[in-house]
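Participant: Pasting in a structure now, in structure tokens, and then I'll have a few things to ask.
The values are calculated or read from the model by the stated rules, or taken from the named source; none is laboratory data. These numbers come from a predicted model, not from an experiment. So basically every Cβ, Gly included, is an ideal-geometry build from the backbone, and we count neighbours across all protein chains shown.
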Amino acid sequence: MADMRAYVKKVLADVVKKDPDQKEFHNTAKEVLTSIIPVLEAHPEYKDEKLLERFVEPERIVIFRVPWVDDKGELQVNRGFRVQMSSAIGPYKGGLRFHPSVNLSILKFLALEQVLKNSLSGLPIGGGKGGSDFDPKGKSDNEVMRFCQSFMTELYRHIGADVDVPAGDIGVGGREVGYLYGQYKRITRLYEGVLTGKGLTFGGSLARTEATGYGLLYFTQNILNDAGIDIKDKIVAVSGAGNVATYAIEKAQQLGAKVVTCSDSNGFIYDKDGIDLDLVKDIKEVRRARIKEYVKKRKSAEYHEGCTGVWNVKCDIALPCATQNELTLDSAKELVKNGVKVVCEGANMPSTLDAIEYFQKNKVYFGPAKASNAGGVSVSALEMSQNSERLSWTFEEVDNYLKRIMDDIYKKVTSACEEYGAKGNLLAGANMAGFTKVANAMHCQGWV
Ligand code: NDP
Ligand code: 2IT
């Protein structure tokens, strides 16, 4: 037993030593590796095969220059990345993030999370992540297009429908995926499913836009069922106002809950009468404006500067859907004080490790991102299937499939909790269940 603890400790120390500045990646590696010790104990051969050393080392990382010309005619230079973390169970799969904060540490943490998430989905997809420090905010459509074309002019040689299939993430939605796809096709002449989240007129899947948010609620429903809680009329706090948040709000409302908040990186909205989602969509999807516009149209709503205040609002269910480390220990304490019963993650790693521990200690049901937000990538994989068979499925078919996948993920996670004596700790269960499949595939494929 001590042996595997020592093994994990050594691998983690090496991770820190190799890249001392990659704090986000260290956190994820620590969270994952310390919770899979029971799986390692059941498979002592993994230590001899240096399986963990390989698991934390990306198969390949591509870093490249992205020059583009802005509307004033001035040349701008950004940095592009693609982290191809693991192809053990399928082609690399995972989103692209365009945000000024993007760096290698963040992309490596996201890529490692993606490997486990994609494994949990049960579909044949490996894990990767990419993006750029480009900030789409305030840029014209033409600027975004020129940036995307330049980005793809390098990226195209590293991806392919059976090699690596990027999609959206923060700052990359339908508009960006469209421009990226157009340039890929123009360079390669291939009309193939090389990106997911495409528009419906060129190979996109119905329900992909809704998938992460809807999937989050399907997963949350499983937790609520086991806890004997009815979602109807429950107060829900959501952070973010992007793709994930919008469709989490939509499904929560369809299920009869009352969502009272949403936010962006400037501040948050509290609407005691319940969020008007059409208004949010108009502000964020159509006008690409700031969320504070909301209060101009709704008398029942308040706007507050700063995004952490969203967790001071009294709620039964909290759904962080904005970004990593947005829910800290202080916010966790506030939520618990106000009686929160369930926290389920829509964003990737929104809760800090000490916040998660606080929830678990205080008997708050906690749904970890790599399980609860797997709906987006799962429908991406269904988009790949539809592209391969050159057919399109109906919204209902995809949505039913998504629900089945989220229910299956919940079963896999809770079974792993039972099997390894970690009942109630869905984070440990998700890590163990996700890792088990990837590790087996790595073991069977030899020392690569
Ligand atoms: P969007 O770009 O559509 O929306 C992001 C939202 O989060 C915006 O409201 C944005 O506000 C806010 N936000 C971004 N950065 C910060 C920050 N530093 N502090 C506070 N708020 C911030 O992205 P998505 O909705 O696609 O992604 C949200 C999260 O969900 C991310 O963690 C992503 O990795 C994860 N995710 C996304 C999936 C997908 O399919 N899209 C699938 C699974 C997970 P502002 O407009 O001010 O920047
Ligand atoms: O974090 C994620 O799972 C995503 N951004 C979606 C990735 C995808 O390939 O659909």
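Participant: I need a count of the residues in region 415-435 that are assigned to a helix (DSSP H, G or I) and either touching a Lys or Arg at 6+ places or on another chain (Cβ under 7 Å) or crowded, with 21+ Cβ neighbours inside 10 Å (or both).
Facilitator: Residues meeting the conditions: 12.
Participant: May I ask you to list pairs of residues, at least six apart or on different chains, whose Cβ atoms are under 7 Å apart, with the first in region 166-177 being under 23 Å from residue 349 (Cα atoms) and more than 8 Å from ligand 2 (Cβ to nearest atom) and the second being part of a strand (DSSP E or B) and not basic (Lys, Arg)?
Facilitator: Taking only residues 6 or more apart or on different chains, the pairs are 171/98; 172/95; 172/96; 172/98.
Participant: If you go through region 167-185 one residue at a time, do you hit one that is away from ligand 1 (no atom under 16 Å from the Cβ), part of a helix (DSSP H, G or I) and basic (Lys, Arg)?
Facilitator: yes
Participant: Now, a different point. Under 8 Å between Cβ atoms, at least 6 apart or on separate chains: pull out the pairs that start in region 252-266 with a residue that is more than 16 Å from residue 221 (Cβ to Cβ) and in a loop (DSSP other than H, G, I, E, B) and end on any residue that is within 16 Å of ligand 1 (Cβ to nearest atom) and of a type in the set (Phe, Trp, Tyr).
Facilitator: Partner pairs satisfying both residue conditions: 260/270.
Participant: Within the set of pairs 6 or more residues apart or between chains, which connect a residue that is hydroxyl-bearing (Ser, Thr, Tyr) inside region 77-97 to a residue that is within 15 Å of ligand 1 (Cβ to nearest atom) with Cβ atoms less than 6 Å apart?
Facilitator: From residues that are hydroxyl-bearing (Ser, Thr, Tyr), the pairs are 86/115; 86/127; 92/128.
Participant: Which of the numbered conditions does residue 293 fail, given that it passes all the others? Conditions: (1) within 15 Å of ligand 1 (Cβ to nearest atom); (2) touching a strand residue (DSSP E or B) at 6+ places or on another chain (Cβ under 8 Å); (3) modelled with pLDDT of 95 or more.
Facilitator: Failed condition: (2).
Participant: Could you please find all residues in region 363-412 being within 16 Å of ligand 2 (Cβ to nearest atom) and part of a loop (DSSP other than H, G, I, E, B)?
Facilitator: Hits for region 363-412 are 368, 373, 374.
Participant: Let me spell it out: the conditions are (1) closer than 30 Å to residue 140 by Cβ; (2) outside any strand (DSSP E or B); (3) touching a Pro at 6+ places or on another chain (Cβ under 8 Å), and residue 89 meets all of them except one. Which number is the exception?
Facilitator: (1)
Yes/no matrix, rows are residues, columns are (1) touching a His at 6+ places or on another chain (Cβ under 7 Å); (2) free of Cβ contacts under 8 Å to residues at least 40 places away in the same chain; (3) assigned to a strand (DSSP E or B); (4) of a type in the set (Asp, Glu):
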{"residue": "296", "(1), (2), (3), (4)": "no, yes, no, no"}
{"residue": "302", "(1), (2), (3), (4)": "no, yes, yes, yes"}
{"residue": "310", "(1), (2), (3), (4)": "no, no, no, no"}
{"residue": "319", "(1), (2), (3), (4)": "no, no, yes, no"}
{"residue": "331", "(1), (2), (3), (4)": "no, yes, no, no"}
{"residue": "357", "(1), (2), (3), (4)": "no, yes, no, yes"}
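Participant: Of all the residues that make up region 95-120, how many are β-branched (Val, Ile, Thr) and either under 26 Å from residue 75 (Cα atoms) or outside any helix (DSSP H, G or I) (or both)? Break it down stepwise before answering.
Facilitator: Taking region 95-120 first, the residues β-branched (Val, Ile, Thr) are 102, 106, 115.
Remaining after also requiring either under 26 Å from residue 75 (Cα atoms) or outside any helix (DSSP H, G or I) (or both): 102.
Of the residues in that region, 1 qualify.
Participant: How many of the residues making up region 8-36 are touching a helix residue (DSSP H, G or I) at 6+ places or on another chain (Cβ under 8 Å) and under 21 Å from residue 430 (Cα atoms)?
Facilitator: Start the filter on region 8-36 by keeping residues that are touching a helix residue (DSSP H, G or I) at 6+ places or on another chain (Cβ under 8 Å), which leaves 8, 11-12, 14-16, 19, 21-36.
Among the residues that remain, those that are also under 21 Å from residue 430 (Cα atoms) are: 8, 11-12, 24-36.
Residues meeting the conditions: 16.
Participant: Mind listing whichever residues of region 121-165 are within 24 Å of residue 90 (Cα to Cα), in contact with a strand residue (DSSP E or B) (Cβ under 6 Å, 6 or more places away or on another chain), touching a residue at least 60 places away in the same chain (Cβ under 8 Å) and part of a loop (DSSP other than H, G, I, E, B)?
Facilitator: 125
For every residue, the table says whether it meets (1) touching a helix residue (DSSP H, G or I) at 6+ places or on another chain (Cβ under 7 Å); (2) away from ligand 1 (no atom under 11 Å from the Cβ).
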{"site": "376", "(1), (2)": "yes, no"}
{"site": "389", "(1), (2)": "no, yes"}
{"site": "394", "(1), (2)": "no, yes"}
{"site": "406", "(1), (2)": "yes, yes"}
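Participant: Kindly indicate whether residue 161 is touching a Leu at 6+ places or on another chain (Cβ under 9 Å) and surrounded by fewer than 17 Cβ atoms within 10 Å (Cβ to Cβ). Step through it out loud before you land on a result.
Facilitator: Details: touching a Leu at 6+ places or on another chain (Cβ under 9 Å): yes; surrounded by fewer than 17 Cβ atoms within 10 Å (Cβ to Cβ): yes.
Yes.
Participant: Exactly one of (1) over 30 Å from residue 270 (Cβ atoms); (2) surrounded by fewer than 22 Cβ atoms within 10 Å (Cβ to Cβ) is unmet by residue 180. Its number?
Facilitator: That leaves (2) as the condition not met.
Participant: Next question, about the same structure. State the number of residues belonging to region 186-229 that are assigned to a loop (DSSP other than H, G, I, E, B) and within 16 Å of ligand 2 (Cβ to nearest atom).
Facilitator: 13
Participant: Which one of these does residue 248 not meet: (1) closer than 19 Å to residue 174 by Cα; (2) over 20 Å from the mean Cα position of the chain (by Cα)?
Facilitator: For residue 248, the exception is condition (2).
Participant: Also: Residues 62, 69, 77, 56: which one is within 21 Å of residue 165 (Cβ to Cβ), surrounded by fewer than 24 Cβ atoms within 10 Å (Cβ to Cβ), modelled with pLDDT of 95 or more and away from ligand 1 (no atom under 15 Å from the Cβ)?
Facilitator: Matching residue, one of 62, 69, 77, 56: 62.
Participant: Here's a follow-up. State yes or no: is residue 232 within 15 Å of ligand 2 (Cβ to nearest atom) and outside any helix (DSSP H, G or I)?
Facilitator: No, not satisfied.
Participant: I would also like to ask the following. On the given criteria, is residue 266 modelled with pLDDT of 95 or more, surrounded by fewer than 16 Cβ atoms within 10 Å (Cβ to Cβ), touching a helix residue (DSSP H, G or I) at 6+ places or on another chain (Cβ under 8 Å) and among the polar types (S, T, N, Q)?
Facilitator: yes
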